[in-house]
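The structure under discussion appears below in the form of structure tokens.
The values are calculated or read from the model by the stated rules, or taken from the named source; none is laboratory data. The structure displayed is predicted, hence computed values, not measured ones. Reconstructed Cβ throughout: ideal geometry from the backbone, glycine too, with neighbour counts over all protein chains shown. Please note that ligands, DNA and RNA were not included when accessible areas were found on the heavy atoms of the full protein model with its side chains. Shrake-Rupley method; radii C 1.70, N 1.55, O 1.52, S 1.80 Å.
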Amino acid sequence: MLDQKTLRQNPDAVAEQLARRGHAFDAEHYAGLEARRRELQSRTESLQHERNAQSRAIGQAKQAGEPVQPLLDAVAVLGEALKTAQSELETLQAELRAIQLGLPNLPHDTVPPGRDEADNIEVRRWGTPPSFDFEARDHVELGEALGGGLDFAAGAKLSGARFVVMRGGVARLHRALAQYMLDVHTEQHGYHETYVPYLVGEEALTGTGQLPKFDEDLFSIAGFEPSLRLIPTAEVPLANLAAGEIIEADQLPLGYVCHSPCFRSEAGSYGRDTRGMIRQHQFDKVELVQLTRPDDSYAALERLTRHAEIILQQLALPYRVVTLCGGDMGFAAAKTYDIEVWLPGQASYREISSCSNTEAFQARRMQARWRHPDTGRPEPLHTLNGSALAVGRCLVAVLENYQRADGRVAIPAVLQPYMGGCEWLTP
């Protein structure tokens, strides 16, 4: 949620910044609603004050033995007027809050202009895409040849499109990747390993910005009251650990890492990536979340992004890092780096991680605060998140980059201890 003071005092500047990310904000309409809210707020307070004064006058008249019916009639009229004003104010406040909840974050000054992924800016590359003396196969063909290690037909039989059943060495490799990532982030990068519920309430999803904007992309659980949803990412429960809290300055920064399944309906994908594991309804991620002081959050974004890159470097998977333009950023992000891994089966770089600084956007929605040591007053902290990494897409990258002409797939050296010393997946 954007800072209400900024919205009220300078809606035109907010509209100008939101336009950089392709969002149209009617500043004039919002300013009109705010003026009406102030008017109703003043009227409500005035009526409340007047009714209280009349109520005191009734008590005084009774003590003096004076007639009170005219005063009672006046209080009744004031009460009805106050009730009407309060109702109008509540309706208007709800309208303003709906607008506020629908506004994306303001882009940081360093975010490049642009409408979509074509306008993203490449920052750096690491590694060289492999050169094969045979035609590279994609992960679907490779996985099916590895003893049915990737079985999309079985996934469709059980659950419909965009699900997969993993078996044997492929399933173990998927598990090894997640365990390896957790070990690196806890032992080398200092994150606290965390296990979270996979079902969360709507308040948590509103806090991190999934609701109300992305309601159609979430899976709901019938029969629960209040309503529960399957998490689209562990970012939701991890960030909400700070909801409603005031964290002391000496406790920051806080860093959490969590391996979890994620569930998304992919309502806006419109048939993209229907083949294979690139865009599934259920997938695993190892998620990083940091809570920081505001002054530290952009240095933290650089570190978090490097933590994700280190996983790919240790797996010897070629990748590139891009800065997302305003029009391609996620709803809550003020700045995002995407990490794209090379996939020989598609002969292109594909996203495997997004690392974002949301600044105070989520913290305001969650009421997640830190106590400023200079003032002693609570202020919104900054939240950051990043996939490190998407496990399924990492599995895809390993299968495709480590394939051999005879159908075997080499196991990256860092994963072999997690595979019982196994060096190859064989057909």
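Tallying residues that are under 24 Å from residue 253 (Cα atoms) and open to solvent by 10 Å² or more (accessible area, probe 1.4 Å) within the range 339-359 yields 3. When the residues of the range 75-91 are filtered to those that are buried (at least 16 other Cβ atoms within 10 Å of the Cβ) and modelled with pLDDT under 90, the one that is nearest to residue 47 (Cα to Cα) is 78. All but one of (1) outside any loop (DSSP other than H, G, I, E, B); (2) modelled with pLDDT under 95; (3) among the small types (Gly, Ala, Ser) hold for residue 267; which doesn't? Just one mismatch for residue 267, condition (1).
Taken together, the residues in the range 120-129 that are outside any strand (DSSP E or B) and either of a type in the set (Ser, Thr, Tyr) or in contact with a helix residue (DSSP H, G or I) (Cβ under 7 Å, 6 or more places away or on another chain) (or both) amount to 2. In the range 140-155, the count of residues that are open to solvent by 40 Å² or more (accessible area, probe 1.4 Å), acidic (Asp, Glu) and either touching a helix residue (DSSP H, G or I) at 6+ places or on another chain (Cβ under 6 Å) or in a loop (DSSP other than H, G, I, E, B) (or both) is zero.
Pairing each residue of the range 64-78 that is closer than 15 Å to residue 51 by Cα with any residue that is open to solvent by 70 Å² or more (accessible area, probe 1.4 Å) and at pLDDT 80 or above, provided the two are 6+ apart or on different chains, yields C-beta distances under 8 Å for 68/62; 75/51; 78/50; 78/51. Evaluating residue 341 against the criteria (1) over 25 Å from residue 190 (Cα atoms); (2) touching a strand residue (DSSP E or B) at 6+ places or on another chain (Cβ under 9 Å); (3) not charged (D, E, K, R) leaves one unmet condition, (1). Residue by residue through the range 354-387, note down the ones that are in contact with an Asp or Glu (Cβ under 7 Å, 6 or more places away or on another chain) and part of a strand (DSSP E or B). Matches in the range 354-387: 354, 369, 370, 371, 382, 385, 387. Of all residues in the range 234-287, those that are among the polar types (S, T, N, Q), within 16 Å of residue 219 (Cα to Cα) and open to solvent by 40 Å² or more (accessible area, probe 1.4 Å) total 1.
Let's see how each residue does on (1) part of a helix (DSSP H, G or I); (2) under 18 Å from residue 331 (Cβ atoms); (3) among the charged types (D, E, K, R):
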site: 7; (1), (2), (3): yes, yes, no
site: 13; (1), (2), (3): yes, no, no
site: 16; (1), (2), (3): yes, no, yes
site: 24; (1), (2), (3): no, yes, no
site: 35; (1), (2), (3): yes, no, no
site: 38; (1), (2), (3): yes, no, yes
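If the condition is being open to solvent by 10 Å² or more (accessible area, probe 1.4 Å), among the acidic types (Asp, Glu) and either within 25 Å of residue 178 (Cβ to Cβ) or not in a helix (DSSP H, G or I) (or both), then the range 308-337 contributes no residue at all.
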